[in-house]
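One structure is given below, encoded as structure tokens.
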Amino acid sequence: MSVRSLINAALLLLLLIHASNAMAAHFARGVPSFGLNGNGGGQAQQSIISQVGNYQILLTIAPAFPEPGELFELRVGVMQMDSGLPYKGEMILSYRQGYWLSSASYAAGRQAAVNGEVRFPLRFSERDGYRISLQMQTANGQQELEFPLAVGRPYQSMPLFITLVCIALILLGVRGVQYVRPKEGVS
Amino acid sequence: MNMMHEGITAAWALLVLVFMLVCIVRLFAENSASGIASPQSKSHPGLGITACFRRFMQSMMASPRLLLAGKLFCVALFLLVIATGLYGTPIPERNLAPVLTWTLWWTLLIFSILFFGSGWCAVCPWDALATWLVRWRLWRRGSGRGSLNLRLPVKLRTIWAAVIMLIGLSWLELGLGITLDPYATACMALLILFLAVAFQALFERKAFCRYVCPVGRTIGFYALLVPAELKPRKQSVCDGCKTLECNRGTSDIAPCPTSLVMGRMSQSSYCVSCGNCVQSCPNGNIEWGSRRFAVLDRYQLQPSEACFMLALLAMTSLHGLSMTARWDVWISAMASMIGDSGMLLGTFSLGLAVSIIVPLLLYGAAVFLMLRLQPTLSFGALFSGMAYAVLPLAFAYHLAHNLVHLLREVASIRDVVLNPFGEGALPLSMMEKHMRMSSLPIPEWLLFSLQAGLMMFGFWVALRILQQRMEVLQSGNLSRQRRVMWPMVCFIVIASGFNLWLLTQPMIMRM
């Protein structure tokens, strides 16, 4: 490799670094962030930035923490990452109740995107975790994005309960073994 | 929208580069061996601690009541973190759990090593709770009936588990984003508590602290660079000791939790500063004193220990890299290429793997080249022996990176102390975010100079340790030593240069 090509490669690398530096970024994709809703008079809203294929997706849930029986809005904005053009097509929303081992899927709506955006009004009557699924048709076939949504705050004590039970089982098990050990020694 | 912290200016970066160049020239221009490997050398060229910190640690170690008070305080905070994480608001910047855990503790922990060595382990809430639950004693020696006291199988007496835990923790932190999730933060704290209890209930002494805990191992290795440790006042007293209370304990004091013998300790990274040896020594011969540089040279690292040090370097750099705008662009482009979607966990995992493999390959290549220049040494001995030189690079960058978090984000602690559960709290407004961004407690030039100073110091210590390791592995011919160490000098320059570049980049505010 000649010196000139090395210099060219270094210049190209610098150009790429400079170009990428100008772009905004987010800490971890798919992790909810919270902000104040500009339209709702200081109401909290939840936003999730994600990616499906070549599309960047911004999900907004307002209010941020929907309660059982409360009407809330799920706003979905989709645009192409390379061109910045809004998605033109239909989006299908469905949901499953429960984060784990749940297979029954229910339709929640179907809308055509206007300027790459759709708005689904939703209401869940039960306090639980839900998995919301969003389907859209792109040039590369059907794309699907799934994300969790908590209605109310379910299972808050579950990790604490599981940990305490596991610790108690271990400690009791050890005590049990220790109880047997001296008997074996005596006999 | 995310806020960005400015990186250090080009002028500071240039200054660091000039300093690095001067250090390299001096290293190869010296006419005699450094002598730093000899036991007669006086002190470690690490950071000094004041007599005040030493006295404080000495009184802590000697007093079971003071230690207990420290443990109770940390356990209370730990339980508060779990309560707020599970039952508080999910908005991370308004909940005590993520702010206290990730912004304050995780950041301050690394700084605490500078002043207190492995002092954190003495008041670690995970270990304290596990000990209380298993031994049923608050500070005196328990009956031992609560634990099976099994010996860990010889094959498992390595720290590979800690390496995996360190990488796993980084995956959870940066990939899954648990730093932004109070609930997940509490769950992780509970999981580690379970592991600590399980290990203490099954195995003798503190196998979890010694072989598994990534926090303890990180502290233990970084503490090697700090001139403070528990050590004998007079080596001759330890040499004549037959009873070894420091290792076996007494009827009242528990034995050393990591099976160390104070007078024969060749490497103190496994000391958890529990103070048992200080309290049990009948001659009062153990003190919290200054360390000699020569401590490093007597111990040949195991492969797992060398890999932990390399993983530390990789993970600290990844932390910085993942908080730059460029990382997101790369991850996004890679996800498009491989068809990943959603949280992009597959893509992140790939990025994480690359960030481990690249420094490992570069380090391996440096060791291989050294081997070509000096075929009498073995690859394994060189690979493990040279890893010490990587440690200051990781520590210096870790401190420089954490300094930004600490100074720019710690203001958030005031609000969550007043309202730890975040009852009725709203997310930060744009105004509040801007206020936090601009509320740097020290002038920006001072922050940049501290960061640059840390990078220079890390580079200098790395070169000194490299020189020392060469003297240990290949005593004698000085010019030959210099020729052989070239590839590793190149690796140190590349790693330092990359970390310096990271510091020049704007960094995304965590919350």
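The values are calculated or read from the model by the stated rules, or taken from the named source; none is laboratory data. The shown structure was predicted, so the numbers you read here are calculated from the model rather than taken from an experiment. Cβ: placed from backbone, ideal geometry, glycine included. Neighbour counts: every protein chain shown. Protein only, heavy atoms only, side chains kept; ligands, DNA and RNA dropped before computing areas. Shrake-Rupley method; radii C 1.70, N 1.55, O 1.52, S 1.80 Å.
For chain B, the equivalent ellipsoid derived from the alpha-carbon gyration tensor has semi-axes of 34, 33, 21 Å in decreasing order. Structural descriptor for chain B: relative contact order 26 percent, calculated from alpha carbon pairs under 8 angstrom and at least 6 residues apart. Based on the Kirkwood approach, the hydrodynamic radius assigned to the protein assembly as shown is 27.7 Å, with every pair of different Cα atoms included. Per residue, the average separation of C-alpha pairs within less than 8 Å and at least 6 apart gives region B:390-480 a relative contact order of 54 percent. Bridging of B:LYS231 to aspartates and glutamates at a Cα separation below 19 Å is possible for B:ASP239, B:GLU245, B:GLU287, B:ASP297, once same-chain residues fewer than 8 apart are set aside.
Once the gyration tensor of the Cα atoms in region B:421-511 is diagonalised, the equivalent ellipsoid follows with semi-axes of 45, 13, 12 Å, ordered largest first.
For the residues of B:429-436, the average number of beta carbons from a partner chain within 10 Å of their own beta carbon is 1. Using a probe of 1.4 Å on the protein chains alone, the accessible area found for A:VAL52 is around 0 Å². Using a 1.4 angstrom probe on protein heavy atoms only, the contact between B and A buries about 4300 square angstrom of accessible area, both sides summed. Shown for region A:28-158: the carbon plus sulfur share of the solvent-accessible area, taken with all protein chains present and a 1.4 angstrom probe, equals 50%.
Taking every protein chain into account, the 1.4 Å probe leaves B:ASP181 with about 60 Å² of accessible area, to the nearest ten. The residues neighbouring B:LEU260, those whose beta-carbon lies less than 13 Å from its own, together hold a net charge of +4 under the Lys/Arg +1, Asp/Glu -1 convention.
For B:THR9, the amide hydrogen comes within under 5 Å of no other amide hydrogen, counting only partners 5 or more places away or on other chains and with H modelled in the peptide plane. On a per residue basis, region A:28-158 carries 49 Å² of accessible surface, using protein heavy atoms and a 1.4 Å probe. Every helix of 4 or more DSSP H residues in chain B counts as -39500 (n - 2.57), and over all residues that averages to -19000 deg cm²/dmol at 222 nm. Look at the stretch B:197-208: the mean tally of other chain Cβ atoms within 10 Å of its residues' Cβ atoms is 2. Neighbouring Cβ atoms from other chains, within 10 Å of the Cβ of residues in B:333-343, number 5 on average. Under Stokes-Einstein, with the Kirkwood radius over Cα pairs as Rh, the value for region A:28-158 at 10 °C and 1.306 mPa s is 104 µm²/s. When the trypsin sites (Lys or Arg not before Pro) in region B:114-169 are filtered for DSSP coil states and for at most 12 other beta-carbon atoms within 10 Å of their beta-carbon, the remaining sites are B:ARG140, B:ARG151. Rolling a 1.4 angstrom probe over the protein heavy atoms with all chains in place gives region B:378-511 an accessible area of 36 Å² per residue. Put the Cα centre of region B:315-394 next to the Cα centre of region B:103-177 and the gap is 26 Å. The contact residues of region A:141-164, meaning those that lose at least 40 Å² of 1.4 Å-probe accessible area when all protein chains sit together rather than their chain alone, are A:ARG153, A:GLN156, A:PRO159, A:LEU160, A:THR163. Solvent-accessible surface of region B:46-291, averaged per residue with a 1.4 angstrom probe and all protein chains in place: 37 square angstrom.
Measuring nothing but protein heavy atoms, the accessible surface of region B:160-239 at 1.4 Å probe radius is 71 percent carbon and sulfur. Entry note: region B:46-291 has Rg to Rh equal to 0.97, where both radii use alpha-carbon atoms and Rh is the Kirkwood radius. Annotation: peptides A:75-87, B:233-245, B:100-112, ranked by per-residue average of other Cβ atoms within 10 Å with the highest first, follow the order B:100-112, A:75-87, B:233-245.
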